[in-house]
Structures are given as C-alpha cells and as structure tokens.
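Worksheet: one structure, shown below.
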Amino acid sequence: MIRERELRRQIVQFGRLCYERHLLVAMDGNLSARMADGNILCTQAGCHKGFLDDEHLVVIDPRGRKLRGKGNPTSEMAMHIACYEARPDCMAVIHAHPPLSIAFTIANQSLAHCVLPEVVLTLGSVPTVEYETTGTQDLAEKIRPYIVEHDAILMDRHGAVCLGNNLMDAFCKLETLEHTALITKTARDLGFVKKLPPAEAVKLRSMGLKRYGGPPAAVARADELDAGLPEVCMGCDGCSAPSPTGIGPKADFSVVRVSSEAPPPGVEAIVMEEVLRALQGS
Ligand SMILES: [Zn+2]
C-alpha cells in the first residue's frame, strides 16, 4: 500500500500534468486516491489543479465526511465515492475536462467505437453518460452503472472520469481517451473513420482483459462476445459510419480506399470523390 505522503505527492504531480497536457484548465476537475485505511485523499473544492500543493488536499471518510485538511472537499465528491463503492479494485480516480473528448459529446458523436487496436486492448470502449448537473448525487448515480464495466467514461457536455489501480493508471486512461478523440477527429477531418471488424474487436478485447486486466466484472466475462464492448460495435458491419456528406443516413465505407500514392493536399478530395461514387453505387 502506498503511504499517504506519497499519495499526496502524486496527486500534486498528476494535477500539474493534467493541466500541462491540456486535460483541464482553471478550477476544472478533481483527483483522489484511496488510502490504506480506506479513507479518501482528494483535492479541495475551488483550487487550480495545475498549481496544487499539500494544503489543497483533504481527507474524507468513505461516506464523504471531512476528516482532515483545509476548505471543502471537491464538489464532485459523490462521483469519486461512487467509483470507490462500485469498484473495490479502484484505488485512484481522475475527473478532468479533456476538450476534444467533450467536443465529441457536444457534437453527439460517440467514442464508443472500436477503431484503434491498442485502445480496444487496454480500455475497451468509452461510453457517454447522458447529461446531468455537475456536482450532484444524481450525476454520481448516472455514472455508477457504467463504472462497473468501464475504466473510462465520458459525461455529456462535461468531461471524463477515469479509474485506476493507482494515479498513474488513471492518468494513462485519461490521456489515452483524449488521444483517441484526437486521432478519430483527424481521421474524420480527412474523410472517414474505419472501424475494426467486429470479430477482431472481440478478439482484441478478450486478449486485453486477460493480459492487462480491467474492471473485474468485464474480466470475468472476457470470453463472452460482448465483454466490455458496446452494442454499436457488436451490431456494426465493420466499416460503416455516418455519412460525412450528409447524403443518406449511412455510407458503406468498406468499399472506400485512399490510394497510398495520393499527395497529402489531394487526399481529402480523393476521399470525397470515392465516397460520392460509393454512395451513388458506382
Ligand atoms: Zn467537472
């Protein structure tokens, strides 16, 4: 078990990293870690996570009652407590406001698709929880069912909550989530997003849960077809996505390929030409 002094040092360090990596700004976000005695060390409400020091940390009991420290515990205390209650394996929680990931929720674009093999291996899919007012018990209750099978979730118009067996683990999941959003957005800007074939997604997720672990409920179902994967992936044809042209509800991109010789400035035009041809069935 990590001692309290080390946990304090890590929360200060990862708060600064979240700020430096543009995963939160100003008074956004909050970090916590479960201590050896079962109490929770968390950030104080209303402090800048990029400039934390020891006096910005508060100790609460598992029900949220303040035990030590200055000021009030984070306003998202209920969210953190829900994570520790639902997941006995969870030892650290980071809530941040990663901008691209949030933009996906505002644009009503799901990140719960199986696109990147490494992400399917380590994170599975990232569900988006429907909107609820920040800092409320209602928000904590909305995310609770998702926490059971996911280490990273998005909250509509709000941000991400990532669980880990230590602070580094939770931070890696947060970074991976935002990196996935960046790659997905870039691919979409270039023309389209090719999803992994469902059979490959299932194989990768099963391998990942066995090799790297994950939420115990998902690990226990590692051999089941839908272990930790969303319905959108299980039901998809492997390569379809909403039409970027606005023509028709869906386009089948399995027939769309971009020439590897295409010069970078022309890539988008070539993709659009092929998309239009595919839509017209030629
Ligand atoms: Zn927030």
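FYI, it's all coordinate maths here, none of it is from the lab. Because the structure is a prediction, the values reported are computed rather than measured. Here Cβ is always computed from backbone atoms with ideal geometry, including for glycine, and neighbour counts include all displayed protein chains.
So for the range 4-190, what percent of the C-alpha to C-alpha distances run longer than 31 Å? Working shown, then result.
On the way: 1840 of 17391 pairs.
Counting pairs separated by more than 31 Å, the tail of P(r) holds 11 percent.
List the residues, sorted by chain then number, that are 5 or more residues from Ala92 or on another chain and whose placed amide H is less than 5 Å from its amide H.
Answer set, sorted by chain and number: Arg34, Gly164, Asn166.
List, in order, the whole-Hz ³J(HN,Hα) value for each residue of the range 69-81 obtained from phi through the Karplus relation with A = 6.51, B = -1.76, C = 1.60 and θ = phi - 60°; use x for Gly and Pro.
Each residue's phi maps through the Karplus curve to give x, 8, x, 9, x, 3, 5, 9, 3, 4, 5, 5, 4 Hz.
Could you sort 37-49, 128-140 so that the peptide with the highest average Cβ count within 10 Å comes first and the rest follow in order? Let's see the in-between values first.
Details: 37-49: 19.1, 128-140: 15.5.
Answer by packing, highest mean first, reads 37-49, 128-140.
Please report the Cα spread of the range 44-119 along all three principal axes, rounded to whole Å, starting with the longest.
The Cα atoms of the range 44-119 stretch 44, 29, 22 Å along their principal axes.
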